[in-house]
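So the structure is just underneath, and the comments pick up after that.
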Amino acid sequence: MLQAFSVNLGGGSITHAELAGIEQGLRLAWEMGIRKLAVQTDSATAISLIQEDPSSHPHRMLVKSIRRSLSLEWEVTIDHVFREGNFVADFLASRGHALPVGLHVVDVPDPILGYWLYYDTIGVQTPRSIIN
């Protein structure tokens, strides 16, 4: 089964959005019975917060929730990927802005996701502009 989700948080920081997406993804995967999962995020900050002590960070409760999910009986890896190489996540994040506030799960994802998933699978990346 292939599922996708978008979340409209109604506002907040990029770090909050990344952490909320990881938390929701972990919850949905667990509920689907997935017990081996690879999470990819373009947020090195989110990964650092999950791996280190976030006790003084404003999103510490969200990080604690993620850590509780990670401690369940399953195999989960969290890896950093550049946004330019993760078309599906970028598409779903952009889509979330146009949806009402809340979580939106689709069992049959938009047809365009098939193209983005194919590009992610074969490793297509877009150029990245860096301004010094």
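The values are calculated or read from the model by the stated rules, or taken from the named source; none is laboratory data. It should be emphasised that the depicted structure is a prediction, and the values quoted were computed from it without experimental measurement. Ideal geometry is used to build each Cβ from the backbone, glycine not excepted, and the neighbour counts take in all protein chains shown. Quick note on the areas: whole protein, heavy atoms, side chains included, nothing else; ligands and nucleic acids left out. Shrake-Rupley method; radii C 1.70, N 1.55, O 1.52, S 1.80 Å.
Quick notes on this structure:
- The residue list Ile14, Ile34, Ile22 contains one member that is surrounded by 13 or more Cβ atoms within 10 Å (Cβ to Cβ) and either touching a Phe, Trp or Tyr at 6+ places or on another chain (Cβ under 6 Å) or over 17 Å from His104 (Cα atoms) (or both), which is Ile34.
- Every residue from region 58-72 that is open to solvent by 50 Å² or more (accessible area, probe 1.4 Å) and either basic (Lys, Arg) or within 17 Å of Ala44 (Cα to Cα) (or both): Pro58, Arg60, Lys64, Arg67, Arg68
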